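Student: One structure, pasted below without further comment.
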Amino acid sequence: MTDTPAPPAPPPAHRDGAGTGSTNTPETAHAGEGHPDGTAPPWRRVLWAAMLGNAVEWYDNALYGILAVVMSRTFFPEGDATVALISTYLGLILSYAIRPVGGTLMGRVADLKGHKFVLTVTISLMSVGTVAIGLLPAYSAIGIAAPLLLALCRLVQGLGASAEYTVASNFLLEHGPRHRRNYLSGWSVGSTSLGPLIASVLAYLLIVTLPGAAFDAWGWRLLFLLAAPLSLVTLYIRRHTTEAPEYRRALEEARNSGTEQAPFTEAVRGHWRDMLRAIGLGAGQRVGSFMIQSYFVTALVQNGIGEDRALLAAILTYVVGAPAAVWGGRCADRYGGRRLLVWGYGVFVLFTVPTFLAIESGSFVLAFLAVVVFTVLNNIVGAPLTTAYVMSFPAHVRGTAAALNYNVGTTLLGGTAPLLATWLVGRTGTEVSFGWYMAAVCLVSALVAAFALPKSIDEAREAAGRTPGETRHPRPATGTEKK
């Protein structure tokens with residue numbers, strides 16, 4: 001098998017539900033076994049259910065960043081354009097400010113009621129919040145109520161998205177083979193590029209086909225309304241999925257135990273160190289993701305590159321982002337997550353400042369190449385990070401702990417990145433100021449990867465007894481392996 005990303009389908013070795021190859025090792029038994037009724041796990045459906053939900057979440061985030069300038073003119077009073085743009089980015093931060101609370105609530109529900117129920121709720125809330133933005137009256141029509149309603153829509157969308165990524169990733173990893181967790185995480189990370197790719201392509205087509213006045217007046221609204229059909233398809237698929245057999249048994253045992261379940265309390269008291277490690281580990285990638293999806297288009301436009309070419313650059317970054325994430329997952333499973341993260345973040349530290357220098361150079365070619373390389377680096381490290389977000393915690397508190405650590409890190413570091421970049425550029429007059437900030441954040445993540453990496457990232461690989469360069473498949477169990 002080559003390192004070229006495979007299509008989103010179950011590994012061939014699991015078609016008959018018999019484990020990996022001709023063996024049924026402890027590391028892979030649960031992933032390859034069928035359901036209690038003898039049928040095979042619904043691999044395709046689970047994979048698409050996770051990927052499409054991520055696409056809906058990031059479709060809205062990307063639209064909000066791509067259309068930030070247009071929306072600032074629509075929903076805020078005329079005057080200082082910088083103040084209006086910062087106010088628009090505050091809406092992005094607001095949707096993330098609710099996420100730690102929403103993630104804790106949704107994660108707790110996932111631990112008590114199951115992943116399928118929560119994933120149905122999250123996709124419904126996200127679609128309502130996104131579509132409603134496309135229907136909001138402008139500031140010129142209803143005054144101060146316009147930005148207030150915009151904030152409310154962002155809150156609803158943020159509440160739905162608060163547990164979407166971690167619960168969907170958990171759902172996927174529990175159905176998949178343990179020795180390929182990072183590879184599956186790579187598909188989850190890659191799917192976050194699907195939504196922005198769709199948003200960028202549609203926005204580009206409308207910008208180049210509609211007159212500027214028409215796009216500003218009503219054309220941009222179509223992009224938010226188009227979230228509805230994508231959400232309905234995702235909802236249909238999720239309603240026809242099932243929980244993994246192991247997870248169903250854990251839920252049954254918890255319900256029959258007769259003791260009150262308190263996953264939030266246990267997660268905070270018993271696993272706060274692991275949550276802090278996961279937040280620090282993902283800090284650089286969280287900042288990078290939001291720069292790609294919510295700031296780069298604005299920065300390119302403000303540095304003299306037209307909206308159409310800026311959107312074209314954004315489209316191509318999303319095209320390379322998905323295969324980079326899947327390839328990173330393959331590398332993490334084969335060579336180790338620690339090695340990938342340390343080297344990936346190390347290169348990131350060196351590359352951030354040159355990226356922002358290229359953006360403000362005014363050269364489309366330099367800026368485009370820099371943003372593409374930036375995106376590849378950011379997505380390569382995403383797979384082992386997702387594995388850490390989810391698998392660092394025991395199953396009975398995993399929904400709560402994963403959602404909490406992911407959303408706290410995303411809100412404090414990722415959600416504030418576009419606003420901080422705008423403020424720093426306004427204060428210093430140069431894009432490079434934010435580049436130094438991000439380099440420092442990536443250095444922190446590299447140090448965590450080197451000295452405090454959560455064991456979950458490489459535990460399946462180590463349990464299989466593999467070493468760098470060996471085949472991805474685990475060796476047959478002999479019964480003498482060290483537990």
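The values are calculated or read from the model by the stated rules, or taken from the named source; none is laboratory data. For clarity, every value in this text was computed on a predicted model and none was experimentally measured. For neighbour counting, all protein chains shown are included, and Cβ atoms are generated from backbone atoms with ideal geometry for every residue, glycine included. Areas reflect the complete protein model, heavy atoms only, side chains present, ligands, DNA and RNA absent. Shrake-Rupley method; radii C 1.70, N 1.55, O 1.52, S 1.80 Å.
Student: Quick one: which residue in V376, V381 is aliphatic (A, V, I, L, M), more than 29 Å from G107 (Cβ to Cβ) and modelled with pLDDT of 90 or more? Don't jump to the end; show me each part of the working.
Tutor: Details: V381 fails: more than 29 Å from G107 (Cβ to Cβ).
Being aliphatic (A, V, I, L, M), more than 29 Å from G107 (Cβ to Cβ) and modelled with pLDDT of 90 or more holds for just one of V376, V381, which is V376.
Student: Considering only the stretch 350-360, I want to know if a residue exists there that is farther than 17 Å from R286 by Cβ and of a type in the set (S, T, N, Q).
Tutor: No; the residues of the stretch 350-360 include none that is farther than 17 Å from R286 by Cβ and of a type in the set (S, T, N, Q).
Every residue, every condition in (1) buried (at least 24 other Cβ atoms within 10 Å of the Cβ); (2) within 30 Å of R269 (Cα to Cα); (3) β-branched (V, I, T), yes or no:
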| residue | (1), (2), (3) |
| --- | --- |
| V342 | no, yes, yes |
| F351 | no, no, no |
| E360 | no, no, no |
| T375 | yes, no, yes |
| T386 | yes, yes, yes |
| G399 | yes, yes, no |
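Student: Still on this model: Restricted to the stretch 401-449, and to residues that are among the small types (G, A, S) and open to solvent by 40 Å² or more (accessible area, probe 1.4 Å), which residue is nearest to Y165 (Cα to Cα)? It would help to see each step written out before you state the result.
Tutor: Step one: filter the stretch 401-449 for residues among the small types (G, A, S), giving 401-403, 409, 414-415, 417, 421, 426, 429, 433, 435, 439-440, 445-446, 449.
Those left that are additionally open to solvent by 40 Å² or more (accessible area, probe 1.4 Å): 426, 429, 440.
On the way: G426: 33, G429: 36, A440: 26 Å.
By that ranking, first place goes to A440.
Student: I would also like to ask the following. I want to confirm something. Restricting to the stretch 205-242 and keeping residues that are within 24 Å of the chain's Cα centre (by Cα) and polar (S, T, N, Q), which single residue is farthest from V131 (Cα to Cα)?
Tutor: Only one residue tops the list, namely T242.
Student: Please go through the stretch 95-111 and give me each residue that is open to solvent by 10 Å² or more (accessible area, probe 1.4 Å), of a type in the set (A, V, I, L, M, F, W, C) and either without any contact (Cβ under 8 Å) to a residue 40 or more places away in the chain or closer than 10 Å to T400 by Cα (or both), ordered by number. Step through it out loud before you land on a result.
Tutor: Filtering the stretch 95-111 down to residues open to solvent by 10 Å² or more (accessible area, probe 1.4 Å) leaves 97-98, 100-101, 104-106, 108-109, 111.
Checking the rest, the ones that are also of a type in the set (A, V, I, L, M, F, W, C) come to 97-98, 101, 105-106, 109.
Residues satisfying the conditions are L105, M106, V109.
Student: To continue, here is another question. Can you name the residue in the stretch 172-200 that is part of a helix (DSSP H, G or I) and among the polar types (S, T, N, Q) and, of all such residues, is farthest from W327 (Cα to Cα)?
Tutor: Here is the first cut: in the stretch 172-200, the ones part of a helix (DSSP H, G or I) are 172-175, 178-191, 194-200.
After this cut, where a residue has to be among the polar types (S, T, N, Q) as well, the list is 182, 185, 188, 191, 200.
Numbers: N182: 10, S185: 11, S188: 12, S191: 13, S200: 23 Å.
Per the criteria, the residue is S200.
The rows are residues; the columns are (1) under 25 Å from G435 (Cα atoms); (2) without any contact (Cβ under 8 Å) to a residue 12 or more places away in the chain.
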residue	(1), (2)
A267	no, no
R273	no, yes
A283	yes, no
Y295	yes, no
A299	yes, no
G306	yes, yes
L311	yes, no
A322	yes, no
W327	no, no
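Student: Tell me which residues, restricted to the stretch 362-373, are part of a helix (DSSP H, G or I) and open to solvent by 20 Å² or more (accessible area, probe 1.4 Å).
Tutor: Residues satisfying the conditions are F364, V365, L366, F368, L369, V372, V373.
Student: Quick check: anything in the stretch 290-300 over 16 Å from W58 (Cβ atoms), in contact with a helix residue (DSSP H, G or I) (Cβ under 7 Å, 6 or more places away or on another chain) and at pLDDT 85 or above? Give the derivation first.
Tutor: Kept after step one, since they are over 16 Å from W58 (Cβ atoms), are these residues of the stretch 290-300: 298-300.
Going one step further and asking which of them are in contact with a helix residue (DSSP H, G or I) (Cβ under 7 Å, 6 or more places away or on another chain), we end up with 298-300.
Imposing the further condition that a residue be at pLDDT 85 or above reduces the set to 299-300.
Among the residues of the stretch 290-300, at least one is over 16 Å from W58 (Cβ atoms), in contact with a helix residue (DSSP H, G or I) (Cβ under 7 Å, 6 or more places away or on another chain) and at pLDDT 85 or above, which makes the answer yes.
For (1) β-branched (V, I, T); (2) in a helix (DSSP H, G or I); (3) over 17 Å from T416 (Cα atoms), each residue gets a yes or a no:
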{"site": "N61", "(1), (2), (3)": "no, yes, no"}
{"site": "M71", "(1), (2), (3)": "no, yes, yes"}
{"site": "T74", "(1), (2), (3)": "yes, yes, yes"}
{"site": "P77", "(1), (2), (3)": "no, no, yes"}
{"site": "V83", "(1), (2), (3)": "yes, yes, no"}
{"site": "L90", "(1), (2), (3)": "no, yes, no"}
{"site": "Y96", "(1), (2), (3)": "no, yes, no"}
{"site": "G107", "(1), (2), (3)": "no, yes, yes"}
{"site": "A110", "(1), (2), (3)": "no, yes, yes"}
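Student: Let me ask something additional. Here are some residues: V347, V372, V376. Which one is over 26 Å from L63 (Cβ atoms) and β-branched (V, I, T)? Talk me through it step by step, then tell me what you get.
Tutor: Working: V372 fails: over 26 Å from L63 (Cβ atoms); V376 fails: over 26 Å from L63 (Cβ atoms).
After ruling out the rest, the residue left standing is V347.
Student: Then there is this: So, in the stretch 113-123, how many residues would count as being part of a helix (DSSP H, G or I), touching a residue at least 60 places away in the same chain (Cβ under 8 Å) and open to solvent by less than 50 Å² (accessible area, probe 1.4 Å)?
Tutor: Result for the stretch 113-123: 6.
Student: Please give the number of the condition L148 fails out of (1) open to solvent by 40 Å² or more (accessible area, probe 1.4 Å); (2) touching a Leu at 6+ places or on another chain (Cβ under 9 Å); (3) farther than 23 Å from L385 by Cα.
Tutor: (2)
Student: Looking at the stretch 72-89, which of its residues are among the aliphatic types (A, V, I, L, M), crowded, with 16+ Cβ neighbours inside 10 Å and out of contact with any Gly (no Cβ under 9 Å at 6 or more places or on another chain)?
Tutor: Selection gives A84, L85.
Student: Moving on to the next point. Tally the residues that are among the basic types (K, R) and free of Cβ contacts under 8 Å to residues at least 24 places away in the same chain, restricting the search to the stretch 57-73.
Tutor: Just the residues of the stretch 57-73 that are among the basic types (K, R), to begin with: 73.
If we keep only those that are free of Cβ contacts under 8 Å to residues at least 24 places away in the same chain as well, we get none.
The qualifying residues number 0.
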